[in-house]
Amino acid sequence: MGEHIKRIKRELKFKGKILDFYQDTMEVNQDHTVVWDFISHKGAAAVVPVTDDGKILMVRQYRNALERYTLEIPAGALDAVDEPGKTCASRELEEETGFRSEHLEWLITLRTTVAFCNEKIEVYVATNLIPSKQNLDEDEFIDLKAYTIEELKEKIFSGEIEDAKTISALLAYDAKFGKRA
């Protein structure tokens, strides 16, 4: 288990809007090389928006990769690699739900696919929601609905909710705040 691993070369294969695809040539134990895929992602943030009556606002939107609609917590990519996650979460909350909050509390940090991608998602809980104005991106079409945590857990365990950030965030929220919610 004492392998020595060193990157010899990183070659950009594709540059995208939110991610870049590389092939890394790696030296293992100074005696052979391997090629690993690497996806660089600038990062994201997500938010669990909790209404005054304890329900959670969820967004339903079409996801091209799955060719169907999904039910998720609001989330989005950082504007820049160094943008604070809390700033991004606050922006996404207002853009996607039409609410803002001055009470965002860090919940968890996720690494979505550690085998080949560096994506990091910081998740916050927003309370004391203040009505504002929804401001969707031109490629976003979102339906908004509030659910109890029990309804959402049923959707997770029935397989209706499959999104990893949403599952992780909701179960972490329930574990941390469930007794108080």
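When both residues are 6+ apart or on different chains and their Cβ atoms are under 8 Å apart, which pairs have a first residue that lies in the range 38-51 and is farther than 20 Å from E150 by Cβ, and a second that is of a type in the set (V, I, T) and at pLDDT below 95?
From the range 38-51, the pairs are I39/T113; H41/I18; K42/I18; K42/V81; G43/V81.
Of (1) open to solvent by 40 Å² or more (accessible area, probe 1.4 Å); (2) of a type outside the set (A, V, I, L, M, F, W, C); (3) in a helix (DSSP H, G or I); (4) closer than 15 Å to T51 by Cβ, Y173 satisfies all except one. Which?
Every condition holds for Y173 apart from (1).
Restricting attention to the range 153-170, which residues are open to solvent by 40 Å² or more (accessible area, probe 1.4 Å), closer than 19 Å to A89 by Cβ and either in a loop (DSSP other than H, G, I, E, B) or not β-branched (V, I, T) (or both)?
Result: D163, A164, S168.
Please determine whether any residue of the range 95-104 is without any contact (Cβ under 8 Å) to a residue 40 or more places away in the chain, buried (at least 16 other Cβ atoms within 10 Å of the Cβ), within 16 Å of the chain's Cα centre (by Cα) and part of a helix (DSSP H, G or I).
We begin by selecting, within the range 95-104, every residue without any contact (Cβ under 8 Å) to a residue 40 or more places away in the chain; these are 100, 102-103.
Then keep just the ones that are buried (at least 16 other Cβ atoms within 10 Å of the Cβ); that gives 100.
If we keep only those that are within 16 Å of the chain's Cα centre (by Cα) as well, we get none.
Within the range 95-104 (the criterion being without any contact (Cβ under 8 Å) to a residue 40 or more places away in the chain, buried (at least 16 other Cβ atoms within 10 Å of the Cβ), within 16 Å of the chain's Cα centre (by Cα) and part of a helix (DSSP H, G or I)), the answer is no, since none of the residues qualifies.
Condition check ((1) more than 28 Å from F38 (Cα to Cα); (2) touching a Pro at 6+ places or on another chain (Cβ under 8 Å)) across all residues:
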residue	(1), (2)
F116	no, no
Y124	no, no
L129	yes, yes
I156	yes, no
I161	no, no
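Taking interchain pairs and intrachain pairs at least six residues apart, which have beta carbon atoms under 6 angstrom, with the first residue in the range 145-163 and β-branched (V, I, T) and the second at pLDDT 95 or above?
T148/K55; I149/D174; I156/I167; I161/L71; I161/K155
Go through (1) crowded, with 22+ Cβ neighbours inside 10 Å; (2) under 26 Å from K155 (Cα atoms); (3) within 13 Å of the chain's Cα centre (by Cα) one by one and return the number of the condition M58 breaks.
With respect to (1) crowded, with 22+ Cβ neighbours inside 10 Å; (2) under 26 Å from K155 (Cα atoms); (3) within 13 Å of the chain's Cα centre (by Cα), M58 is out only on (3).
Taking the range 29-51 as the search range and keeping residues that are among the hydrophobic types (A, V, I, L, M, F, W, C) and open to solvent by 20 Å² or more (accessible area, probe 1.4 Å), which one is nearest to T109 (Cα to Cα)?
Ranking the qualifying residues of the range 29-51, first place goes to I39.
Which condition does E3 not pass, out of (1) part of a loop (DSSP other than H, G, I, E, B); (2) in contact with a strand residue (DSSP E or B) (Cβ under 8 Å, 6 or more places away or on another chain); (3) surrounded by 11 or more Cβ atoms within 10 Å (Cβ to Cβ), if it passes all the others?
(3)
What residue, of L144, L136, is open to solvent by 50 Å² or more (accessible area, probe 1.4 Å), in contact with an Asp or Glu (Cβ under 9 Å, 6 or more places away or on another chain) and assigned to a loop (DSSP other than H, G, I, E, B)?
Just a single option satisfies the conditions, and that option is L136.
The values are calculated or read from the model by the stated rules, or taken from the named source; none is laboratory data. All of these numbers come straight from a predicted model, not from anything done at the bench. Note that we place each Cβ from the backbone using ideal geometry, even for glycine, and neighbour counts take in every protein chain shown. All accessible areas refer to the heavy atoms of the entire protein, side chains included, with ligands and DNA or RNA removed. Shrake-Rupley method; radii C 1.70, N 1.55, O 1.52, S 1.80 Å.
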